[in-house]
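Student: I'd like to ask some things about the structure below.
The values are calculated or read from the model by the stated rules, or taken from the named source; none is laboratory data. Everything numeric here is computed off the predicted structure, so don't read it as measured data. In this analysis, Cβ positions are derived from the backbone assuming ideal geometry, glycine residues included, and neighbour counts consider all displayed protein chains. In case anyone asks, the SASA skips ligands and DNA or RNA and just uses the protein heavy atoms, side chains included. Shrake-Rupley method; radii C 1.70, N 1.55, O 1.52, S 1.80 Å.
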Amino acid sequence: MLWLLKSRERKAVFAMMKEAKRRGVEIDELKNVMTPEEFAALLPTEKPKFKGKIPDVTRWGLPADGEVSAKEYWTDEEVLAVQESTARGEWEGAAALLASTWGDWDRRDLVTGVLGEAAAKDDEWLRAWRKARPGDAGVALVNAESLVHVAWEVRSGLRAEHVSEEQFAAFFRVLEQAEEAVREASALAPEDPTPWVSALAIAMGRQYENDRYLQVWEELTERDPQHRGAHGRALQYWCAKWFGSNEKMWEFAETAASKSPKLAPLLLVAAHEADLQGAPAWRDPRVTGALDGILAWLDGEGREHASTRSDRSYAAKALVENGRFDEAVEQFRHLGTRADGGMWSYYGDPRSEFLATRYAACFGATRP
């Protein structure tokens, strides 16, 4: 429960100092150059203080703490079946499932990611598929994505200063192979945006400058201007921790949200990224103004979308931070026992972060 260890006032002062520096003014002049809404958005929310026992979340119809797991979890029966068949060295099910996703680019991206990850662990079935169907666009696509996974496995998830020269050299070699594989996959199916989603990950790894990255982005958006997975990857590129800034990140998220309701949750991802950088943003007007629409999307057209569980995680956090505790509890009802993915994966102990946020939601919610 990280918020119990941090002073609200200290966080507020830090946020104001950072904003004053960004605007080139003294901290005591900040109120003169900001709207009341902008100033309020800098202030971290007053968190519920736990007095006495931690809330018994089962009273709100939520699963007990002991049932919650951060282990990767799939409910998609088709994906589960293919994971099992590829583990046995069989490729036919993977080929059929991938072929069935043609035109549903968000689902095709999800399935490609699952197959790419499986092939990165053991590519026997992928090599058998390629031998049986040389020139198949599907196998070329999975090959490209698997090489991206292999490259990042080689690099590891450590900070750059903890990655050896040998690891970096191997990382870049594999990314070059992945880039070749992307070109092959795209040539075999020119209208498919999915190879270009892999290309975005390669561009990050190879440290493309903004202009070169935008060339890859244009190839993607020409094929699908509202591709959810691609927008998620691109948002990371435009973050300050990679090759952008908070300003560029927010600009990208706002532009994306204006395209489609399914892209609006990127505003929540942007708020989370800003918060991780020490700039509290959950009460930013861009977030609070989008929340109702995002909830409507999650409960309507987006209920079965591939990104929905992740989006509900961000929504639950945003609702807690804005004091909308009953609605946050409802998001946790949807999430059930699953603390995998979404915003929880950014923390060393995703399960603990999930539980802490859930406690806050129940503590502030209407008593059952």
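Student: Say the cut-off is 30 Å between C-alpha atoms; which of 121/317; 131/241; 241/317; 71/241 go over it?
Tutor: Those over the limit are 121/317; 131/241.
Student: Still on this structure, I have one more. Using just the helices of the chain, give the 222 nm mean residue ellipticity in deg cm²/dmol: DSSP H runs with n ≥ 4 each add -39,500 (n - 2.57), and the total is spread over all residues, rounded to 500.
Tutor: Mean residue ellipticity at 222 nm (helix-derived): -19500 deg cm²/dmol.
Student: Let me ask you something else. Say R0 is 30 Å: what FRET efficiency, to the nearest 0.05, do residue 87 and residue 167 get from their beta-carbon distance?
Tutor: Given R0 = 30 Å and the Cβ-Cβ separation, E is 0.65.
Student: Given the Cα-Cα distance of residue 209 and residue 352 and 0.36 nm per residue of separation, how much length would full extension add, in nm?
Tutor: Additional length available on full extension: 47.8 nm.
Student: Per-residue HN-Hα couplings for the stretch 245-262, Karplus 6.51 cos²θ - 1.76 cosθ + 1.60 at θ = phi - 60°, whole Hz, x for Gly and Pro?
Tutor: Per-residue couplings from phi come out as 7, 4, 5, 5, 4, 5, 4, 5, 5, 5, 4, 4, 4, 6, 7, 6, x, 6 Hz.
Student: Can you work out ³J(HN,Hα) from phi for every residue in the stretch 312-324, in order, using Karplus 6.51 cos²θ - 1.76 cosθ + 1.60 and θ = phi - 60°, giving whole Hz and x for Gly and Pro?
Tutor: For the stretch 312-324, the Karplus-derived couplings read 5, 4, 5, 5, 4, 5, 4, 5, 4, 5, 9, x, 9 Hz, x marking Gly and Pro.
Student: Would you mind calculating the relative contact order of the chain from Cα pairs under 8 angstrom and at least 6 residues apart, reporting the percent as a whole number?
Tutor: Values: 468 pairs, mean separation 71.6, N = 368.
RCO, the chain: 19 percent.
Student: Here's something else I'd like to know. Need the full-extension length gain, residue 296 to residue 337, defined as separation in residues times 0.36 nm minus the C-alpha distance. One decimal, nm. List each step's numbers first, then the result.
Tutor: Numbers: separation 41, 0.36 × 41 = 14.76 nm, distance 2.26 nm.
Contour length minus Cα-Cα distance gives 12.5 nm.
Student: Also, quick follow-up: Does anything in the stretch 226-267 have its amide N under 18 Å from the 7 Å Cα→Cβ label point of residue 76, and if so which residues?
Tutor: Residues passing the 18 Å test: 226-233, 262-263.
Student: Using a 1.4 angstrom probe on the protein heavy atoms only, could you order 359, 237 from most to least accessible area?
Tutor: Most to least solvent-accessible, the answer reads 359, 237.
Student: Distance in nm between label sites at residue 367 and residue 176, each 7 Å beyond Cα in the beta-carbon direction?
Tutor: 6.8 nm
Student: Sorted by accessible area (1.4 Å probe), largest first, how do 106, 326 line up? Walk me through the numbers before you get to the answer.
Tutor: Numbers: 106 20, 326 75 Å².
Most to least solvent-accessible, the answer reads 326, 106.
Student: Let me ask something additional. Would you mind calculating the gained length between residue 245 and residue 128 on full extension (0.36 nm times residue separation, minus the Cα-Cα distance), in nm to one decimal?
Tutor: Value of the extension gain: 37.7 nm.
Student: I need the semi-axes of the equivalent ellipsoid of the chain: take the C-alpha gyration tensor, multiply each eigenvalue by 5, square-root it, list largest first in whole angstrom. Display every interim value, and only then the final one.
Tutor: Details: eigenvalues 277, 130, 71 Å².
Equivalent-ellipsoid dimensions as semi-axes: 37, 25, 19 Å.
Student: To test your reading of the geometry: what angle, between 0 and 90 degrees and rounded to tens, separates the Cα axis of helix 228-237 from the longest principal axis of the chain?
Tutor: Relative to the chain, helix 228-237 is tipped by roughly 70 degrees.
Student: Related question: Rounded to whole Hz and in sequence order, give me ³J(HN,Hα) for the stretch 118-128 from the Karplus expression 6.51 cos²θ - 1.76 cosθ + 1.60, θ = phi - 60°, writing x for Gly and Pro.
Tutor: 3J(HN,Hα) across the stretch 118-128, in whole Hz: 5, 5, 5, 7, 7, 9, 4, 5, 5, 5, 5.
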